[in-house]
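Notes to accompany the following structure.
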Amino acid sequence: MNDPIITNDAVVLGLLIGILAFVFTTCQSSHPFWKKFYKYIPTLLLCYFIPSIFNSLGIISGETSNLYFVASRYLLPTSLALLTISIDIPEIKKLGSKAIIMFLTGTFGIIMGGPISIFIISFIAPDIINSSGVDQVWRGLTTVAGSWIGGGANQAAMKEVFDVGDTIFSAMIAVDVIIANLWMAFLLYGAGVSQKMDDWFHADSSSINDLKEKVEKYRSKIMKIPNLTDAINVFAVGFGITAIAHLGSDFISPYIKDSAPYLAKFSLTSKFFWLIVLSTSIALCLSFTKARDIEGIGASRYGSVFIYILVATIGMKMDILAIFHNPGLFLIGFIWMSVHAILLIVVAKLLKAPFFFLAVGSQANVGGAASAPIVASAFHPSLAPVGVLLAVFGYALGTYGAWICGLLLQMIAI
């Protein structure tokens with residue numbers, strides 16, 4: 001792989017912020033072209049997609065840059081804290097069981113999608129499997145299942161459990177990232193036209209709208225123009241929670257790894273897992289106190305800024321041209337994700353579930369804690385915690401779901 005044109009992360013960060021500024025400035029433009037353009041293209045999708053173009057052209061590189069690590073470890077927990085602290089837990093409960101049902105449907109779609117995709121490919125294009133080695137392909141797909149149901153820790157676990165070779169593993173990482181990111185792009189687009197999607201599903205989204213309206217009323221009641229002290233207090237709360245979460249994860253993760261290593265299958269030995277759980281949990285506890293009033297001085301606005309920076313760094317990791325390097329394996333991934341999507345759409349139609357539940361239920365599986373709140377906040381910043389809570393659930397199911405998927409893949413392949 002050639003070095004990117006821009007290797008200095010300070011320059012890359014400036015470029016990404018410039019892209020965000022361009023998107024939001026044109027979004028607010030009264031020019032007829034931009035009005036028509038943003039009628040069909042959501043801003044969040046562009047913030048995600050434009051950096052991927054720069055990465056694909058070799059101008060910047062998500063692989064060599066440390067910006068995603070910084071954004072996911074420092075800005076993500078801070079944004080989750082600031083977006084969660086003003087949430088109304090009783091109102092979230094009113095969202096009902098459809099969110100859980102759609103999440104579990106997504107999990108089942110991933111478990112069954114892998115075996116179905118390899119079964120279909122074995123009939124329509126057997127050379128794809130044979131050229132890479134039947135044994136290696138099904139083993140490699142187990143790591144994709146681990147990633148799409150849980151996360152990185154579950155993916156690594158599947159690599160060890162099913163003895164996946166390094167060559168096929170690296171190819172499967174590309175399949176994982178590209179297909180998952182293309183699906184996320186679709187979900188972000190759907191979030192921009194969610195009302196049309198809900199009409200098609202004949203969904204009752206009143207509980208979601210009630211939550212959004214209640215948050216907006218609360219926000220308008222406590223809103224004031226922040227001074228310097230107010231802004232610093234918001235950052236103190238956000239980054240303070242992140243600091244405590246890091247401190248806790250640095251202690252809890254090694255302790256569990258040493259005293260109860262078998263809990264690794266639940267991702268409980270992962271520092272990132274505890275970072276997300278602790279930052280969200282602390283903010284949820286503070287939402288019952290006066291601390292939630294920092295929403296009036298822009299807590300969710302600052303949190304949203306951090307989320308958009310994270311979106312840009314995630315987009316920077318996607319190389320669209322990688323699809324052409326090993327197109328056969330990507331076809332397997334495409335069919336797999338299609339099974340997942342079709343099952344979600346069918347169940348959502350039967351349940352008359354809002355598109356929000358489909359999108360967040362899917363992304364809590366496929367994207368995990370790093371991107372589920374992004375998709376949720378595309379509907380409204382107050383909904384970000386729903387994505388986090390479901391993603392944490394996904395970590396717990398990840399290893400078991402991927403293991404079952406692996407056994408089914410082995411049966412189909414043999």
Query - Which numbered condition Tyr308 misses (of (1) closer than 27 Å to Leu228 by Cβ; (2) surrounded by fewer than 20 Cβ atoms within 10 Å (Cβ to Cβ); (3) at pLDDT 85 or above) - result: (2)
Query raised in the report: Can you name the number of the only condition in (1) under 20 Å from the mean Cα position of the chain (by Cα); (2) assigned to a loop (DSSP other than H, G, I, E, B) that Leu182 fails?
Result: (2)
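Is it the case that some residue within region 158-168 is part of a helix (DSSP H, G or I), under 22 Å from His380 (Cα atoms) and among the acidic types (Asp, Glu)?
No, every residue in region 158-168 fails to be part of a helix (DSSP H, G or I), under 22 Å from His380 (Cα atoms) and among the acidic types (Asp, Glu).
Against the condition surrounded by 15 or more Cβ atoms within 10 Å (Cβ to Cβ) and more than 22 Å from the chain's Cα centre (by Cα), how does Cys47 come out, does it pass?
Details: surrounded by 15 or more Cβ atoms within 10 Å (Cβ to Cβ): yes; more than 22 Å from the chain's Cα centre (by Cα): no.
Spelling it out, it is not the case that Cys47 is surrounded by 15 or more Cβ atoms within 10 Å (Cβ to Cβ) and more than 22 Å from the chain's Cα centre (by Cα).
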Query raised in the report: Pairs, please: C-beta under 7 Å, at least 6 apart or cross-chain, first residue assigned to a loop (DSSP other than H, G, I, E, B) and in region 1-13, second surrounded by 12 or more Cβ atoms within 10 Å (Cβ to Cβ) and small (Gly, Ala, Ser)?
Result: Asn2/Gly58; Pro4/Gly58; Pro4/Ser61; Ile5/Gly58
Query raised in the report: surrounded by fewer than 13 Cβ atoms within 10 Å (Cβ to Cβ) and either out of contact with any helix residue (DSSP H, G or I) (no Cβ under 8 Å at 6 or more places or on another chain) or of a type in the set (Lys, Arg) (or both): does that describe Ala243?
Result: no
Report task. Could you give me the residue pairs with C-beta distances under 9 Å whose first residue belongs to region 180-209 and is closer than 15 Å to Cys47 by Cα and of a type in the set (Gly, Ala, Ser), whose second residue is at pLDDT 90 or above and not in a helix (DSSP H, G or I) wherever it lies, and which are 6+ apart or on separate chains? Result -> none
Requested in this report: Consider only pairs whose beta carbons are under 7 Å apart and that are at least six residues apart or on different chains; among these, list those whose first residue lies in region 51-79 and is assigned to a loop (DSSP other than H, G, I, E, B) and whose second residue is of a type in the set (Lys, Arg) and surrounded by fewer than 22 Cβ atoms within 10 Å (Cβ to Cβ).
Outcome: Gly62/Lys317
Requested in this report: Would you mind telling me which numbered condition in (1) more than 16 Å from Tyr308 (Cβ to Cβ); (2) surrounded by fewer than 14 Cβ atoms within 10 Å (Cβ to Cβ) Gln28 fails?
Outcome: (1)
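Of the residues Leu358, Leu329, Leu321, which is of a type outside the set (Gly, Ala, Ser), at pLDDT below 90 and within 28 Å of Leu20 (Cβ to Cβ)?
On inspection, the qualifying residue turns out to be Leu321.
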Report task. Answer with yes or no whether Ser97 is surrounded by fewer than 21 Cβ atoms within 10 Å (Cβ to Cβ), at pLDDT below 90 and either out of contact with any helix residue (DSSP H, G or I) (no Cβ under 8 Å at 6 or more places or on another chain) or of a type in the set (Gly, Ala, Ser) (or both). Result -> yes
**Report entry** Answer from Tyr38, Tyr68 - the residue that is hydroxyl-bearing (Ser, Thr, Tyr), surrounded by 15 or more Cβ atoms within 10 Å (Cβ to Cβ) and within 29 Å of Leu278 (Cα to Cα)
**Finding:** Tyr68
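The values are calculated or read from the model by the stated rules, or taken from the named source; none is laboratory data. Just so you know, these numbers come straight off a predicted model, no measurement behind them. Counting neighbours? That spans all protein chains shown, and the Cβs are built from the backbone with ideal geometry, glycine included.
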